[in-house]
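Have a look at the structure below before the remarks.
The values are calculated or read from the model by the stated rules, or taken from the named source; none is laboratory data. On a predicted model such as this, the values are computed, not experimentally measured, just so you know. No Cβ is skipped: glycine too gets one built from the backbone with ideal geometry, and neighbour counts run over all protein chains shown.
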Amino acid sequence: MKFLVVDDFSTMRRIIKNLLIDLGYANVTEADDGQTALPMLQGGNFDFLITDWNMPGMPGLDLLKAVRADARLSKMPVLMLTAEAKREQIIEAAQAGVNGYVIKPFTAVTLKEKIDKILEARANAA
Amino acid sequence: MTSVTALQEEYGPTIAALAGALAAGDEGLFLSELDGLVERRERGLFGELRKLTSDLQSALVRFSIDSRLVDLAEKEVPDARLRLDHVLKLTDEAAHRTMDLVEQSGPLAERTAKQAEEITTLWQRYRSRSIAVDEFRDMVRRMDVFLESAGKDMGTVRGNLAEVLLTQGYQDLSGQIIRGVMKLVGELETALVELVRLSKSGSKGNKGAAVSEVRGSGFGPAIPGLDRGPAVSDQDDVDALLSGLGM
C-alpha cells in the first residue's frame, strides 16, 4: 500500500512516516504542500493520502477538493491530520469528502485506528 | 494701518487702472484688469483650500493607522504574548516528556545488556565444554529470566521510542504559532513605520539605531536570517571558540 504524506513541516512528515512504517506500511512518499502533492498523486499510483490542512501554496482542503474533482483520484482515501480544530472546518472537510480527520497533537493509536477504519470501510464498499 | 497699506499697495494700481479705463471708455482694458483682479483673489483662496484638503487627508490616514495600531496594541499584541506563552509551554512539555522517556528507557536497555553479558560468560564455558552441572542449571535459569525480561523491556523501550518520535510534533504546532506571531510583528512594523513617517513628514528617521542594543536578559537563541552580530551554530563551534580562547 502506497502512502503520500503531505505536510509543510518536515518534522511532522518524518513522524507520520515513522509511525506508518511501525504500522507495517513501508511505502511512504512525502510532499510539502498541495501544489507539489497533486501532480505526484496524478502520476504516482498512490493508495492513501494523509494531508495537513494549513500549508502555504495549496492548503489541504483545496488538495482534497482537487482529488475529489479528479476522475482518476476521486475514490482515494484521504485522512486529514491537522491542528485546525474548528467545528466548521471539520464540517467543511467532511463536506469536501474527507475520510478521516485527526487533530494534532495525536497519538499513534489514533492514527492506526483511523487508517484501519478507512481501509475497512473501503474493503466493505468494494 | 499696515494692512490697509498692504491692500493699497496690492490693489491700488489695479483699481486706478480700472478707474482710468472706465473714464477713458476703454472696455477691453477695463475687462482685462478686472479679470486679473479676480484671478489674484482666487489663487489665494485655492491655495488655502488645497492646504486644508491635504491636512484633512493626512488626518484621515493617521486616524486609520491609529485605529489599526490601537487594535494591534489592545488585542493582537496580548494575544501574541499568550500564543508565545503557549509555544513555551509546548516546548517545555515536549522536552520533559522526551527526557522522561529516555530516562525510563535507559535502565531497561542497561539491564538487558548486563543480563546478556552474564549469560555470555556461562554460554562460552558451555560451548567450550568446561561448564559444571550446577553452572549449567544456573545458565538455563538465567536464560529463562533473560528471555522473558528482555522481550518485555525491549517492548517498553520500543514503545517509548515511538512516543519520543510523536512528541516531536511540538515543532509543527509551535512553528505554526510562531509564523502567526511573525505575521503580526510584520503588520505592527508597517503600521509603526507609517506612523513615524507621517509624524516626521520631511525629516528622515534614523534607521536601525536599536540593532546593537544590549539587553540584560540576553538575546535568546540565535535565529538564522536575523542578524544580531556573529553567532555560533552548534556545540562544535562553541568548543572551537572556547579552545581558541585557551579553554
Run down B:Arg68, B:Arg111, B:Arg50, B:Arg83 and say which single residue is within 30 Å of B:Gly180 (Cα to Cα), among the charged types (D, E, K, R) and at pLDDT 85 or above. B:Arg83
So is A:Arg68 modelled with pLDDT of 95 or more and over 23 Å from A:Leu19 (Cα atoms) or not? yes
Those residues that are in contact with a Lys or Arg (Cβ under 7 Å, 6 or more places away or on another chain) and crowded, with 17+ Cβ neighbours inside 10 Å, I need them from the stretch A:1-47; list them, please. A:Val5, A:Asp7, A:Val28, A:Glu30, A:Phe46
So if I check each of A:Leu81, A:Leu111, A:Leu23, which one is in contact (Cβ under 8 Å) with a residue 40 or more places away in the chain and in contact with a Leu (Cβ under 6 Å, 6 or more places away or on another chain)? A:Leu111
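Would you confirm, using the coordinates I've provided, whether B:Gly159 is over 30 Å from A:Ala85 (Cβ atoms) and within 14 Å of another protein chain (Cβ to nearest Cβ)? Break it down stepwise before answering.
Details: over 30 Å from A:Ala85 (Cβ atoms): no; within 14 Å of another protein chain (Cβ to nearest Cβ): yes.
It is false that B:Gly159 is over 30 Å from A:Ala85 (Cβ atoms) and within 14 Å of another protein chain (Cβ to nearest Cβ).
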Got at least one residue in the stretch B:12-33 being closer than 30 Å to B:Asp172 by Cβ and touching a Leu at 6+ places or on another chain (Cβ under 7 Å)? no
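Of all residues in the stretch B:64-106, count the ones that are among the aliphatic types (A, V, I, L, M) and closer than 13 Å to B:Glu187 by Cβ.
Kept after step one, since they are among the aliphatic types (A, V, I, L, M), are these residues of the stretch B:64-106: B:65, B:69-70, B:72-73, B:77, B:80, B:82, B:84, B:87-88, B:90, B:94-95, B:99, B:101-102.
Filter again for closer than 13 Å to B:Glu187 by Cβ, leaving B:65, B:69, B:72-73, B:77, B:80.
Result for the stretch B:64-106: 6.
Can A:Leu73 be described as touching a residue at least 12 places away in the same chain (Cβ under 8 Å), buried (at least 20 other Cβ atoms within 10 Å of the Cβ) and either under 12 Å from the mean Cα position of the chain (by Cα) or closer than 16 Å to A:Phe3 by Cα (or both)? Give the steps one after another, and end with the answer.
Values: touching a residue at least 12 places away in the same chain (Cβ under 8 Å): yes; buried (at least 20 other Cβ atoms within 10 Å of the Cβ): no; either under 12 Å from the mean Cα position of the chain (by Cα) or closer than 16 Å to A:Phe3 by Cα (or both): yes.
The answer is no for A:Leu73.
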Consider B:Tyr126 against the criteria (1) within 14 Å of chain A (Cβ to nearest Cβ); (2) touching a residue at least 12 places away in the same chain (Cβ under 8 Å); (3) more than 26 Å from B:Gly106 (Cβ to Cβ): it satisfies all of them except one. Which criterion is unmet? (1)
